[in-house]
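The values are calculated or read from the model by the stated rules, or taken from the named source; none is laboratory data. The structure displayed is predicted, hence computed values, not measured ones. Cβ atoms come from the backbone with ideal geometry, glycine included; neighbour counts cover every protein chain shown. These accessible areas exclude ligands, DNA and RNA; they are computed on the full protein's heavy atoms, side chains included. Shrake-Rupley method; radii C 1.70, N 1.55, O 1.52, S 1.80 Å.
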Amino acid sequence: MWSQGSRRWRMKIDFYKSSLWPRCMVVGNELKKLKEEFPDLDFDNIEVSRDYKRAWNDGIRMFPALKIDDDVLSGFILTPGKVRVFVKKHLEE
């Protein structure tokens, strides 16, 4: 979702994760790299163990998961390449 900040447009990405799941760390690290590359990205980190109702209501059934608007990328193993392709696809829209 693109929202207008003080002067620039920003894209919000919901990141559904668990601190107990190592694969979530891989996705989190890739998101940090993308943030350095594209400073207008905003992340909402949702810890599914604490906010499982939100995740369920948002249609998230597996984590790690990324959600931009109504588009969701989730999977047991999300590679850095899959994360990058998903985010860049939305940046180009």
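What share of the DSSP beta bridges in the chain is antiparallel, in percent to the nearest 5?
About 60 percent, rounded to the nearest 5.
For the Cα atoms of the chain, what angle does the longest principal axis make with the long axis of helix 22-37, in degrees from 0 to 90, nearest 10?
Tilt of helix 22-37: around 0 degrees.
Hand me the trypsin sites (Lys or Arg not before Pro) from the chain located in a DSSP loop with no more than 12 other Cβ atoms within 10 Å, in residue order please.
Sites meeting the loop and neighbour criteria: R7, R8, R50, R61.
Probe of 1.4 angstrom, ligands and nucleic acids ignored: what's the accessible area per residue over the chain, in square angstrom?
65
Please determine, in degrees from 0 to 90 and to the nearest 10, the orientation of helix 80-91 with respect to the longest principal axis defined by the Cα atoms of the chain, where the helix direction is its Cα long axis.
Compared with the principal axis, the helix lies near 40 degrees.
Calculate, axis by axis, the spread of Cα positions in the chain along the three principal axes, and write the results as whole Å, longest axis first.
Taking the Cα atoms of the chain, the three principal extents are 36, 26, 19 Å.
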